[in-house]
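Inspection log for the structure reproduced underneath, given as structure tokens.
The values are calculated or read from the model by the stated rules, or taken from the named source; none is laboratory data. As the structure is a computational prediction, the values presented were derived from the model and not from experiment. Here the Cβ is made from the backbone with ideal geometry for all residues, glycine too, and neighbour counts use every protein chain on show.
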Amino acid sequence: MILETHVEDRVGAFHLQVRFRAGGGITALFGPSGAGKSLTLRNIAGLHRPEEGRIVLGKRTLLDSGRGIHLRPQDRGVGYVSQESVLFPHLSVAGNVGFGLHRSTRDQRDRRIAEVLDLVELAGYEPRRPDTLSGGERRRIAMARALAPQPSILLLDEPFAGLDFRVRRTLRRRLLAIHQGTGVPILLVTHSLSDVREVCDELVLVDRGRAVAAGSAQDLMARPPTPHAAELMTEDMA
């Protein structure tokens with residue numbers, strides 16, 4: 001599944017103008033805070049409508065401003081997890097994970113909830129409430145909820161941020177297992193070069209609203225194409 005993204009947008013004084021292509025593996029949007037990474041993710045998810053652009057996922061056009069196409073978020077086949085990984089506090093884990101399975105029968109819904117909870121290694125958590133979960137567990141439940149409707153791509157905004165290194169390491173391994181187990185392409189925003197090294201196949205460097213380089217994560221990190229790209233990858237971004 002190939003994702004082709006070309007969007008141009010203005011939010012206040014900020015001008016976003018990114019163009020990149022991501023393959024079927026795990027791709028990182030990497031760059032400093034305020035570079036436009038999260039806004040790019042929201043444009044792909046359909047949560048923000050850019051002034052101009054075209055987004056194609058596989059054979060489906062999600063956005064084409066020239067043709068007046070702007071699919072609703074629920075029609076895009078995209079799973080999205082925000083940086084906050086917000087869960088519905090009044091619902092159980094099962095209620096949260098099954099929230100997007102409106103068209104399923106009760107048995108189908110229960111089976112799918114069990115499948116994705118097993119995928120994130122939280123089998124048996126169905127009756128738990130969000131306020132009883134750790135930060136890492138909440139992130140995994142949010143991923144399970146995004147995966148439950150079987151999306152064509154999974155978008156993750158800073159999925160490892162704010163977690164200690166042990167939990168972060170566990171979640172990286174789990175993300176790799178999710179990708180290997182489902183084959184779902186993953187596009188994630190991160191400030192961490194360690195995230196890129198350990199889980200990403202492809203890398204898109206974003207700075208000041210522009211995609212300044214894109215390609216194999218291993219190749220770009222070993223041989224940055226420009227001095228600016230090299231500077232961006234000298235250390236984790238604050």
So, restricting to helices (runs of 4 or more DSSP H) that lie completely within segment 137-238, which ones have at least 2 residues that are free of Cβ contacts under 8 Å to residues at least 40 places away in the same chain, within 18 Å of residue 120 (Cβ to Cβ) and among the hydrophobic types (A, V, I, L, M, F, W, C)? 165-182
In this structure, does residue 21 turn out to be free of Cβ contacts under 8 Å to residues at least 60 places away in the same chain and either part of a strand (DSSP E or B) or over 19 Å from residue 204 (Cα atoms) (or both)? no
Kindly evaluate residue 147 against the criterion of being over 27 Å from residue 39 (Cβ atoms) and either among the aliphatic types (A, V, I, L, M) or within 17 Å of the chain's Cα centre (by Cα) (or both). no
Residues that are within 19 Å of residue 160 (Cβ to Cβ), more than 15 Å from the chain's Cα centre (by Cα) and hydroxyl-bearing (Ser, Thr, Tyr), drawn from segment 3-62: 33
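Out of segment 1-22, which residues are among the charged types (D, E, K, R), farther than 19 Å from residue 59 by Cβ and surrounded by 15 or more Cβ atoms within 10 Å (Cβ to Cβ)?
Matches in segment 1-22: 8, 9, 19.
For segment 76-123: of the residues being among the hydrophobic types (A, V, I, L, M, F, W, C) and part of a helix (DSSP H, G or I), which is surrounded by the fewest Cβ atoms within 10 Å (Cβ to Cβ)?
Among them, the one singled out is 114.
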Top-ranked residue of segment 40-56 - restricted to ones that are in a strand (DSSP E or B) and in contact with a helix residue (DSSP H, G or I) (Cβ under 8 Å, 6 or more places away or on another chain), ranked as farthest from residue 184 (Cα to Cα): 52
Residue under question is residue 207, and the condition is that it be surrounded by fewer than 19 Cβ atoms within 10 Å (Cβ to Cβ) and more than 15 Å from the chain's Cα centre (by Cα); does it hold? no
Given the criteria buried (at least 17 other Cβ atoms within 10 Å of the Cβ) and more than 23 Å from residue 115 (Cβ to Cβ), does residue 196 qualify? yes
Which listed residue, of 79, 23, 46, is at pLDDT below 95 and in contact with a strand residue (DSSP E or B) (Cβ under 8 Å, 6 or more places away or on another chain): 23
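Would you mind stating whether residue 106 is free of Cβ contacts under 8 Å to residues at least 24 places away in the same chain and more than 22 Å from residue 38 (Cβ to Cβ)? Before the answer, list the steps.
Values: free of Cβ contacts under 8 Å to residues at least 24 places away in the same chain: yes; more than 22 Å from residue 38 (Cβ to Cβ): yes.
The answer is yes for residue 106.
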